[in-house]
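Trainee: Just passing along the structure, written as structure tokens.
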Amino acid sequence: MNIKDLTKNDQPRWNDYVSKRLSHFPIFIHNNEWFQGTYYHCQPGLEIHLIKEGRGTMVVGNKILLQSPGQAVIIRGSVPHQLISKSAYKRTVICLDLEHEFFKHLSSHLDMSWIPEESCCNISLTQAQLCKLDELCHSLSDELETKSVGWERMAVSHVLQITVLLQRGMEAKEKAKPQPNGSFEKNRDLIQQCCDYICSHLGENLTLKCVAKKFSVSEEYLTRNFTKEIGISFYQFVLLQRVAEGKRLLKDSPDLSVAQIALSLGFPSSSSFNRTFKALTGETPSAYRQRTLES
């Protein structure tokens, strides 16, 4: 799992293929297709990502989401995102250009205000929800391919049903207290919580000992399961997240010195930040800042 991609991408690539397809009709679907991962990208509209088989890690902005069959991620296309996988995985992806004229008169029915502007919704679907969504996705794919009489209206009706099912799944998730079943689910839940905690506490003490204590597990248990789920060590993940956030601060906060940024990210000194940043990106923080300002 190459989470190091987070430090390689200054700007996401624009997805020309999806953009072109949506310019012809504002609904586009890849149904039950095998992929090996995606590049860090953004695109118009909204993306609905359903994992069918395989496992991976979804990077949405600076959020890390562990993905397995039955997961749905709904992303605003303007938010940079990428799926990283050790091996091929099967997914269904639906892209919607909600700003297209075709959807103007449906704004009151196609309400997607529940999707965060700068993040995403991550939902674990029930078997019943999966079966219904799978049926709707097949029907939507068929309508877009065959273009029989009234196919546009049928496509919209399927999209409305899909988005309602996902919204209901999201609301059910928010109301229900997580009840992981078995060691596999418990491990994934633990690692997801650790990832979320790390990303939101980069300036704090994030040693293995400290985080293991925070989640009431042993250091050996945490590091073993972290490496198993993410593909890199706990220590590497913390450094990569700090460097990724450092890149953002160097670009977006010119009033902050390199030393201030280093301390805000939990580095003991600016020299430690400099060494780590250069090792992972190939240039110093100052050189990176200068280059981004010039471009």
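The values are calculated or read from the model by the stated rules, or taken from the named source; none is laboratory data. Worth saying up front: this structure is predicted, and the values here are computed from it rather than measured. FYI the Cβ positions are ideal-geometry reconstructions off the backbone, even for glycines, and counts take in every protein chain you see.
Trainee: Taking the range 222-249 as the region of interest, how many residues are modelled with pLDDT of 90 or more and part of a loop (DSSP other than H, G, I, E, B)?
Mentor: Here the count works out to 0.
Trainee: Are there any pairs, at least 6 apart or on different chains, whose C-beta atoms fall under 9 Å, with the first in the range 110-128 and modelled with pLDDT under 85 and the second assigned to a loop (DSSP other than H, G, I, E, B), and if so, which?
Mentor: Pairs found: Leu110/Leu98; Glu118/Gly61; Glu118/Ser78; Glu118/Val79; Ser119/Gly61; Ser119/Val79.
Trainee: Further question: Using the structure shown, decide if Ile64 is assigned to a strand (DSSP E or B) and at pLDDT below 85.
Mentor: yes
Trainee: Name the pairs: first residue in the range 179-198 and over 17 Å from Leu239 (Cβ atoms), second residue at pLDDT 80 or above and surrounded by fewer than 18 Cβ atoms within 10 Å (Cβ to Cβ), Cβ to Cβ under 6 Å, at least 6 apart or on different chains?
Mentor: The qualifying pairs are Pro180/Asp189.
Trainee: Follow-up question, since we're still on this one. Check the range 81-98 and report whether any residue there is among the polar types (S, T, N, Q) and in a strand (DSSP E or B).
Mentor: Scanning the range 81-98, I find at least one residue that is among the polar types (S, T, N, Q) and in a strand (DSSP E or B), so the answer is yes.
Trainee: Kindly indicate which of Arg91, Arg13 is surrounded by fewer than 22 Cβ atoms within 10 Å (Cβ to Cβ), out of contact with any Cys (no Cβ under 6 Å at 6 or more places or on another chain), modelled with pLDDT of 85 or more and not β-branched (Val, Ile, Thr).
Mentor: Step by step, each of Arg91, Arg13 is checked, and only Arg13 is surrounded by fewer than 22 Cβ atoms within 10 Å (Cβ to Cβ), out of contact with any Cys (no Cβ under 6 Å at 6 or more places or on another chain), modelled with pLDDT of 85 or more and not β-branched (Val, Ile, Thr).
Trainee: Condition first: closer than 15 Å to Glu229 by Cβ and acidic (Asp, Glu). Now tell me which residues in the range 186-217 satisfy that.
Mentor: Asp189, Asp196, listed by residue number.
Trainee: Going by the conditions given, is Val156 part of a helix (DSSP H, G or I), in contact with a strand residue (DSSP E or B) (Cβ under 8 Å, 6 or more places away or on another chain), β-branched (Val, Ile, Thr) and surrounded by 17 or more Cβ atoms within 10 Å (Cβ to Cβ)?
Mentor: Spelling it out, Val156 is indeed part of a helix (DSSP H, G or I), in contact with a strand residue (DSSP E or B) (Cβ under 8 Å, 6 or more places away or on another chain), β-branched (Val, Ile, Thr) and surrounded by 17 or more Cβ atoms within 10 Å (Cβ to Cβ).
Trainee: When Gln241 is evaluated against the numbered criteria (1) closer than 30 Å to Gln67 by Cα; (2) in contact (Cβ under 8 Å) with a residue 60 or more places away in the chain; (3) out of contact with any Cys (no Cβ under 7 Å at 6 or more places or on another chain), which criterion, by number, is the only one it fails?
Mentor: Gln241 satisfies every listed condition except (3).
Listed here are the residues, each with its yes/no results for (1) of a type in the set (Lys, Arg); (2) free of Cβ contacts under 8 Å to residues at least 40 places away in the same chain; (3) not assigned by TED's automatic domain parsing to the domain that holds Gln241.
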position	(1), (2), (3)
Arg13	yes, yes, yes
Phe35	no, no, yes
Cys42	no, yes, yes
Glu47	no, no, yes
Lys63	yes, no, yes
Leu66	no, no, yes
Lys90	yes, no, yes
Phe102	no, no, yes
Ser108	no, yes, yes
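Trainee: Something else: Is it the case that some residue within the range 250-266 is part of a helix (DSSP H, G or I), surrounded by 13 or more Cβ atoms within 10 Å (Cβ to Cβ), at negative phi and of a type in the set (Asp, Glu)?
Mentor: No, there is no match, as no residue in the range 250-266 is part of a helix (DSSP H, G or I), surrounded by 13 or more Cβ atoms within 10 Å (Cβ to Cβ), at negative phi and of a type in the set (Asp, Glu).
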